[in-house]
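Each remark here refers to the structure printed beneath this line.
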Amino acid sequence: MLKRRGSAVWNGTGAEGSGTISTFSGALKDQPYSTSMRFQSEDGRAGTNPEELIAAAHAACFNMALSFQLTGAGFPPEELSTQAVLTMESQGVHWTITAVRLELRAKVPDISAEHFQELALAAKAGCPVSKVLNAEITLDAQLAS
């Protein structure tokens, strides 16, 4: 079993507040995020947002899964370049992630288009991040004294 850690701190109200996101590895260290960064600053220069991080994680996870699929089938890839485009839509006052489009450009010698598509679909289905929203989610919520 593997466990990975990420943390976030938020200060203030939902609309005017802001916070920081960090990863245990240090890849992100006190990276700023806020409501305006989430809904208004799409260029990402002011900071990040949860959906951008999910999209990046999905692209990375998919590339790794596909690399294992291809290599296992005897077609080690030269390069897999994936952009994940996450769509989030307002449903009343609530927002929902409604779709993620994985846009893959690959260099894989000697594989047929049909076999490549088959393995790419298997990687999409098998990638742990593809399954994340179907995971069991538990909560341990405690008030600080």
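The values are calculated or read from the model by the stated rules, or taken from the named source; none is laboratory data. Quick caveat: nothing in here was measured; it's all calculated off a predicted structure. Don't worry about glycine lacking a Cβ; one is built from the backbone with ideal geometry, like all the others, and counts go over all protein chains shown. Areas reflect the complete protein model, heavy atoms only, side chains present, ligands, DNA and RNA absent. Shrake-Rupley method; radii C 1.70, N 1.55, O 1.52, S 1.80 Å.
Data overview
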read-out: Test for Gly47: is it within 26 Å of Asn11 (Cα to Cα), open to solvent by less than 50 Å² (accessible area, probe 1.4 Å) and touching a Pro at 6+ places or on another chain (Cβ under 7 Å); value: yes
read-out: Within the stretch 61-113, considering residues that are open to solvent by 60 Å² or more (accessible area, probe 1.4 Å) and among the aromatic types (Phe, Trp, Tyr), the one farthest from Ser130 (Cα to Cα); value: Trp95
read-out: Tally of residues being at pLDDT below 85, charged (D, E, K, R) and exposed (fewer than 12 other Cβ atoms within 10 Å of the Cβ) across the stretch 25-42; value: 1
read-out: Residue among Thr71, Thr87 that is touching a strand residue (DSSP E or B) at 6+ places or on another chain (Cβ under 9 Å) and among the β-branched types (Val, Ile, Thr); value: Thr87
read-out: Cross-chain or 6+ apart pairs with Cβ under 7 Å, the stretch 4-17 first and polar (S, T, N, Q), then part of a loop (DSSP other than H, G, I, E, B); value: Asn11/Gly17
read-out: Among the candidates Ser7, Ser22, residue that is surrounded by fewer than 16 Cβ atoms within 10 Å (Cβ to Cβ), closer than 28 Å to Cys127 by Cα and modelled with pLDDT of 90 or more; value: Ser7
read-out: Filter result for the condition that a residue is at pLDDT 85 or above, farther than 17 Å from Leu66 by Cα and not polar (S, T, N, Q), over Val108, Val85, Val129; value: Val85
read-out: Set Ala8, Ala15: member being in a loop (DSSP other than H, G, I, E, B) and either of a type in the set (Phe, Trp, Tyr) or over 28 Å from Glu118 (Cα atoms) (or both); value: Ala15
read-out: Selection status of Glu52, charged (D, E, K, R) and touching a Gly at 6+ places or on another chain (Cβ under 9 Å); value: yes
